[in-house]
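This report concerns only the one structure given below.
We did not get these values from a lab; they are worked out from the coordinates using the rules stated. On a predicted model such as this, the values are computed, not experimentally measured, just so you know. Virtual Cβ from ideal backbone geometry, glycine too; neighbours counted across all protein chains shown.
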Amino acid sequence: MGASLSVPDLRSNQVQRNDDAFLRQVIKNGKGNMPRFGRDFSEKEIDAIIQLVRSFATESNEKAQAQTSRR
Ligand code: HEM
């Protein structure tokens, strides 16, 4: 479903290399097929969503590290 809508993987470097200001901008105003959430969430809620998106990176990096150390 995500892939067919060309929704980017939030764990990926492509997303994680962006700074918080850019992530905030995309969450609030949308981008391409991404809907805008600026009217649905307060600034504080968007802060929390950015933290959540950042936590996805940590999870996948930990998995990647676990895989590397097994080899
Ligand atoms: C609160 C929930 C969501 C969050 C936190 C979120 C977050 C993001 C972020 C951070 C990006 C930017 C990636 C980048 O350009 O590096 C993005 C892009 C995108 N999102 Fe979401 N998203 C959410 C919900 C959705 C939903 C519900 C849809 C589809 C109905 C969607 C569709 C897309 C698409 C298509 C893009 C790519 C836009 C483009 O590059 O043209 N997102 N999203």
Checklist entry - Does segment 21-38 include one or more residues that are outside any helix (DSSP H, G or I), more than 6 Å from the ligand (Cβ to nearest atom) and either surrounded by fewer than 12 Cβ atoms within 10 Å (Cβ to Cβ) or touching a residue at least 12 places away in the same chain (Cβ under 8 Å) (or both)? => result no
Checklist entry - Looking at Ser42, is it near the ligand (Cβ under 7 Å from one of its atoms) and over 9 Å from the mean Cα position of the chain (by Cα)? => result no
Item to check | Matching residues in segment 5-20 - criterion: being within 8 Å of the chain's Cα centre (by Cα) and of a type in the set (Val, Ile, Thr) | outcome: Val15
Next on the checklist: Based on this model, can you work out whether Leu10 counts as assigned to a helix (DSSP H, G or I) and either in contact with a Leu (Cβ under 7 Å, 6 or more places away or on another chain) or under 16 Å from Leu52 (Cα atoms) (or both)?
Outcome noted: no
